[in-house]
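Accompanying notes for the structure given below.
The values are calculated or read from the model by the stated rules, or taken from the named source; none is laboratory data. Treat the numbers as computed from the prediction; the structure is a model and nothing was measured. As a convention, Cβ positions derive from the backbone with ideal geometry for all residues, glycine included, and neighbour counts pool all protein chains shown. Keep in mind that these areas ignore ligands, DNA and RNA; they rest on the heavy atoms of the full protein, side chains included. Shrake-Rupley method; radii C 1.70, N 1.55, O 1.52, S 1.80 Å.
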Number of protein chains: 2
Amino acid sequence: MTTIVPAAAAADPATARGRFRAGVAVPSSGWAPGHTQANLVVLPRDWAWDMLLFGQRNPQPVPLLDVTDPGAVGTVLAAGADLRTDLPRYRVWRDGELVDEPTDVAALWTDDLVAFLIGCSFSFETALLDAGVPVRNIEQGRNVSMYRTDRACRPAGRLSGPLVVSMRPVPAALVATAVQVTARMPQVHGAPVHVGSPADLGIADLDRPDFGDPVELAPGDVPVFWACGVTPQAALMASRPPFAITHAPGHMFVTDVPDAAYRQL
Amino acid sequence: MTTIVPAAAAADPATARGRFRAGVAVPSSGWAPGHTQANLVVLPRDWAWDMLLFGQRNPQPVPLLDVTDPGAVGTVLAAGADLRTDLPRYRVWRDGELVDEPTDVAALWTDDLVAFLIGCSFSFETALLDAGVPVRNIEQGRNVSMYRTDRACRPAGRLSGPLVVSMRPVPAALVATAVQVTARMPQVHGAPVHVGSPADLGIADLDRPDFGDPVELAPGDVPVFWACGVTPQAALMASRPPFAITHAPGHMFVTDVPDAAYRQL
């Protein structure tokens, strides 16, 4: 996640996807504000059962917003979208190793592939700001801090791996508000999995995140941990399917769905 | 769903499952009150992808509480349970036709089978009563009324079928309360899909339900429709997998999970 809103960012989701399709290869933060952005994982049919079950068993880190039929290139989340071209940048994995970061994957797509679109914390950061909770990574112009924890996800078939969390420093008086706001959004990771005490999650040093940037705590801030959409990528790295495609970090799929659609009563 | 609480009903989930395992073959309503009961669908591995995706795409009628590994007989929802024996009665389906209603399915279980445990409206009826909303089918000692609608579920692979709804008459002044209470319980079907106007769902006559019993509306009651756990059975009947096992109507799987665990913030 980057926090600089590019001047050229499109306000409309279809226009944003069109620019990315045309080759614009920048992080998607700030594009089509108010519309849900999604993580992408694409796997061969043979591994799709494992990932679908991994999502069912680990809904906080892997909230599945849509799953495609094998070979399909569209999604109900975005009219007219093409998942092969409409993300700004992809990652290609072979046997769990990152092998390429192309701007489209049309040449790699086959009828054997199933795409998983997974909720993203971009949606709840907007809700936190709306509720008066400061988001320090945005204030500091940094990517959010993410950590591998010592908690294992519930395995599914051949897929297993650690729970990955994102951390946001929250003023102590606003922790309860942050819990309430995000608990109402289970499809974009929901309530925190942990508040305070990083050592209990096996995190030795908050200043050394496994992914993203270090984010400074202001005086009185408490570190609050949410399940993170990097979790399925960590499972892919640990479980080594022969082939996978994901979005590149921060280069998400822009859907037509308003963030508000994922806020519950 | 039957509404007569048997005098011999066990209060503890493990004891209830033990009685059913020993051959007691009665509806499970009233057993282990306060604990979530679940619908059961069991399919061969070859069809499991379709059902798992059907649940992902139709979470209101098919809220998946747990999905087992192929051949497993236990579930995280109930310590020490055996899904082959611990329901009071089962239904066995071949090519979409009901062929048997045994009290255990141990002889039919193979390493190829995957079990789906699906949320049930028993849980939210308790929550409605707690909130002061009368539940007419309970007052009238009848099974809830269920109807096939003219709305199709979103298909998944070979599985498709109509949305099935349950109807509960709710006093007009309490409709909003009923919506709020059940919206907080998305894993047991969540908010109503429709309030009033049965014809809009393709229901010609409320007095002639497709499943269950007719339930009378009191003066001032509005018919309120919730997505129903019979929906996956309707999809099995329509889509005709070669083999399936389900619970018999009203003869549910009693879990160890308190109903309150499925009430959200």
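Points worth noting:
- For beta carbons closer than 6 Å, sequence separation of 6+ or different chains, a first residue in segment B:167-196 that is within 11 Å of chain A (Cβ to nearest Cβ) and a second that is assigned to a strand (DSSP E or B), there are no qualifying pairs.
One line per residue, one yes/no per condition, for (1) farther than 28 Å from B:Gly119 by Cα; (2) among the charged types (D, E, K, R):
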{"position": "A:Gly30", "(1), (2)": "yes, no"}
{"position": "A:Asn39", "(1), (2)": "no, no"}
{"position": "A:Leu43", "(1), (2)": "yes, no"}
{"position": "A:Phe54", "(1), (2)": "no, no"}
{"position": "A:Pro59", "(1), (2)": "no, no"}
{"position": "A:Val62", "(1), (2)": "no, no"}
{"position": "A:Asp66", "(1), (2)": "no, yes"}
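- Subset of segment B:197-217 that is among the hydrophobic types (A, V, I, L, M, F, W, C) and in contact (Cβ under 8 Å) with a residue 60 or more places away in the chain - its residue that is surrounded by the most Cβ atoms within 10 Å (Cβ to Cβ): B:Val215
- Residue satisfying all of: in segment A:149-158; away from every other protein chain (no Cβ under 12 Å) and in contact with a Ser or Thr (Cβ under 9 Å, 6 or more places away or on another chain); most open to solvent (accessible area, probe 1.4 Å) among these: A:Ala152
Residue-wise test of (1) assigned to a loop (DSSP other than H, G, I, E, B); (2) open to solvent by less than 50 Å² (accessible area, probe 1.4 Å).
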site: A:Ala38; (1), (2): no, yes
site: A:Leu65; (1), (2): no, yes
site: A:Ala81; (1), (2): yes, yes
site: A:Leu87; (1), (2): yes, yes
site: A:Leu98; (1), (2): no, no
site: A:Thr110; (1), (2): yes, no
site: A:Phe116; (1), (2): no, yes
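- Pairs with Cβ under 8 Å, 6+ apart, first in segment A:236-247 and over 13 Å from A:Trp47 (Cβ atoms), second of a type in the set (Gly, Ala, Ser) and open to solvent by 20 Å² or more (accessible area, probe 1.4 Å): A:Ala238/A:Ser160
- Verdict on B:Ala9 being within 25 Å of B:Asn143 (Cα to Cα), among the hydrophobic types (A, V, I, L, M, F, W, C) and either in a loop (DSSP other than H, G, I, E, B) or over 17 Å from the mean Cα position of the chain (by Cα) (or both): yes
- Qualifying positions in segment A:239-256 - among the polar types (S, T, N, Q) and either closer than 20 Å to A:Pro162 by Cα or modelled with pLDDT under 95 (or both): A:Ser239, A:Thr246
- Only listed residue being touching a residue at least 24 places away in the same chain (Cβ under 8 Å) and open to solvent by less than 30 Å² (accessible area, probe 1.4 Å), chosen from A:Gly161, A:Gly220: A:Gly161
- Checked against (1) out of contact with any helix residue (DSSP H, G or I) (no Cβ under 9 Å at 6 or more places or on another chain); (2) closer than 21 Å to B:Leu236 by Cβ; (3) open to solvent by 10 Å² or more (accessible area, probe 1.4 Å), B:Trp47 passes all but a single condition, namely (1).
- Residues being hydrophobic (A, V, I, L, M, F, W, C) and in contact with a helix residue (DSSP H, G or I) (Cβ under 7 Å, 6 or more places away or on another chain) - total across segment A:77-118: 8
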